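Each reported figure results from applying straightforward, stated rules to the coordinates on display, with no laboratory input. These figures come from a predicted structure and were not determined experimentally. For neighbour counting, all protein chains shown are included, and Cβ atoms are generated from backbone atoms with ideal geometry for every residue, glycine included.
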Amino acid sequence: MTTVLKAEGLRKTYKLGSFTSRVTINALDDINLDIVSDDPVIVSLVGESGSGKTTLAKTILRLVEPTAGKAWVHDQVVTGSGGMGRLDFMRMVQPIFQNPFDAFSRYRTVDTYLHETAARIAGLNGAKGRDAVDEALSSVGLDYADVVGKYPNQFSGGELQRASIARALIPHPQLIVADEPVSMIDASRRMIVINLFKALKEQYRTSFLYITHDLATAYYISDYIAVMSKGRIVEFGAARDVLSTPRHDYTKLLLSSIPTLTHKWDRTPALASTGA
Amino acid sequence: MIQLKNVVAEYTTKRGRMKAVDGVDLVIPDGVIVGIAGESGCGKSTLMKVLYGDLGFPLSLASGSVDYGFTNDKGQPVTDANVQREWFRHVSIIPQSSMSSLNPVIRIREQFVDFPATSKDKKATLAKVREFVQRIGLPPESIDAYPHQLSGGMRQRIMVALATFLEPEVILADEPTTALDVVVQKEILLLLLELQEKMRNTIIFVSHDMGVHYQLTHQMLIMYAGKAVEHGPTEEIFRAPLHPYTLLLTSALPTIGDDRARQGLPGSPPSLWDPPKGCRFAPRCPLATEKCRTEEPPLVEVRPGHSSACHHIDRIPQLQADLAKAPSLDDLDEARLLAQVQENLRREHEIDATADAAPPSEVDRPEIPSEVADTVAPAGGER
């Protein structure tokens, strides 16, 4: 069995204010997670804005140094003391960001990113690098010929997001951290990318950490789900179980607030009864 | 009763004129909540601007008219020509971004006093405002704050308070809760619903979230590429739609507790610079035939109060039944899933290739005409 993702006592504290009025914010407050599986898994991290889900993702991506604690991916320490080398880390964990237009520089063509990832991270140069780029692009439904020489603004949002998925796939990472990857895509086409994640999980044997505020898509693709609130994981378990029989009050609150198509909300009066 | 007659709204750009709303006829009875839905770039926000009378370069009303069905102080009927004078008193708006709509350098109470119709007695007005704000669940002191001191949810409540304080006949809400978390979204929407039930105003509600429409609206207008494709009672729109686009839009998203595999709707809407001759949805439509590609279907009333613009309404129940039979995601083996994903990506590519080199961006951005967008966007390569 492999430990796909593990966190132990992960904390991140931000200090705000001056000497006289110091405020500390616990963005991550003792995060413990342990996901063990032989097969690749999709783990969803859900919660409202400010719950710390993006901070946790950034900590695993090493973009944020934790105040205390450690995290492991595939049995290796990725953050905290005793972490692996930078290049080894980048071969193992790759990110996909929310807005592909921010992820790629406007002044460089998209294919330079793909080739650089192949050369510097996967160590594939020349024809081998070209093959790796080709393979990654075709697995997300893009043609090399359609991508080469184009700047980000020449792509549609969905295409560019798929190009950024292809970039993350080039080194065949063990884990892809996707932070709100579909929230910029129109609802009608979101499922195309969501299904793609599911297919890539099987094809590349890659696990995903899917960070989202959308519980319905989390239910649809994930094997495990962690619900975060105020820097803590309040509920964790198999996705279908957690979302069909939630135990924690916060999960119940989130679920009852989703505007569904199946039943209307319970109406409790919002207006104070004073006055006409 | 609000009457829209053949409304055509155009953006003037360097490349020419583009019709973002292309001939919408609509009658909205008093006291109902009407939802407008569609993908980004379908014209829903532009139609909202027309309804608010917020017309100015580069947007203009090329033809058609809006009649609001009530008269102003001088006894003249309010139309698109003079609606600006009725803002807040009779027609108000709840915008998406409360932060960019409230004046950041004055206190919120000053913004209430700024209303054109508020009486000269500032003290009495403020007392009323405090009482009103308290009723909608905010502390009365919150109007003494500056906008940045309040949370996003509180600010959006203030926007609702501003829009409803003078009990206007018509409230326009353009994605009012898109920037908020689900818990706060539910609170704001239920508040709006309750205020509407008390004041009986007409609310026109734009959102891309079909779930929000289902919870809130009585009637819906579905738009596609500048055209109205379906209009009817909300319950029927969801249970027995009369347009394939509506059906695919509502079945594109997963629901908790439902394990059926979802396919989404591949491809982008057509370019509005060069819309297809026939039905604009034909390139993405699974029911499309030769007739759809050559002849534009008119919007006709099919059931009482429910109209649709489609040549193949009779085939929609079959499509709906087929979609309902989709296999569970867990039953799909790896090979079939891969094949389906690849097929969808191929179709997406194919449709986008025919849709013009410049598809309307699917990224959720405000609809800005390309001229403005070009000045914002960096100097990239030429298309």
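Numbers at a glance
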| item | result |
| --- | --- |
| Shape call, chain B: gyration tensor on alpha carbons, a/c limit 1.5 | prolate |
| Sum of side-chain charges, B:E348 neighbourhood, beta-carbon under 9 Å (Lys, Arg +1; Asp, Glu -1) | 0 |
| Average projected area [Cα convex hull, the protein assembly as shown], square nanometres | 31.4 nm² |
| About the Cα centre, charge dipole magnitude for region A:85-157 (Lys/Arg +1, Asp/Glu -1 at Cβ), debye | 280 debye |
| Residue of A:R106, A:R91, A:R167 that the Gaussian network model of chain A assigns the largest fluctuation, springs spanning Cα pairs under 10 Å | A:R106 |
| Under the Karplus curve 6.51 cos²θ - 1.76 cosθ + 1.60, θ = phi - 60°, whole-Hz ³J(HN,Hα) for region B:93-98, x wherever Gly or Pro sits | 10, 10, x, 6, 9, 5 |
| Candidates B:P286, B:P233, B:P244, ranked by Gaussian network fluctuation over chain B, Cα under 10 Å, top entry | B:P286 |
| Selected from A:H172, A:H263, A:H213 as most flexible by GNM, with chain A as the system and alpha-carbon contacts under 10 Å | A:H263 |
| Size of electric dipole in region B:104-162: Cβ of Lys, Arg +1 and of Asp, Glu -1, about Cα centre, debye, nearest 20 | 100 debye |
| Computed [θ] at 222 nm, deg cm²/dmol, the protein assembly as shown (DSSP H ≥ 4; -39,500 (n - 2.57); rounded to nearest 500) | -9500 deg cm²/dmol |
| Taking the C-alpha atoms of region B:214-262, convex hull volume expressed per residue in Å³ | 89 Å³ |
| Exceeding the 25 Å Cα-Cα cut-off - candidates A:K6/A:K230; A:K198/B:K44; A:K252/B:K44; B:K19/B:K186; A:K12/A:K201 | A:K198/B:K44; A:K252/B:K44; B:K19/B:K186; A:K12/A:K201 |
| Region A:2-257 - charge dipole about Cα centre, Lys and Arg +1 at Cβ, Asp and Glu -1, debye rounded to 20 | 660 debye |
| Tensor-based shape of region A:1-57 (alpha-carbon gyration tensor, a/c under 1.5 rounded, otherwise prolate or oblate) | prolate |
| Chain A: relative contact order as a whole-number percent, Cα under 8 Å and 6+ apart | 24 percent |
| Dipole of the protein assembly as shown [Lys/Arg +1, Asp/Glu -1 at C-beta], most positive-end residue of A:G123, B:A9, A:A103 | A:A103 |
| Leading residue at positive end of dipole, chain B (Cβ point charges), from B:P317, B:T164, B:P286 | B:T164 |
| Global form of region B:224-312, assessed from the alpha-carbon gyration tensor, a/c cut-off 1.5 | oblate |
| Set of region B:223-244 residues, backbone N closer than 15 Å to the point 7 Å along the Cα-Cβ line of B:E301 | B:231-233 |
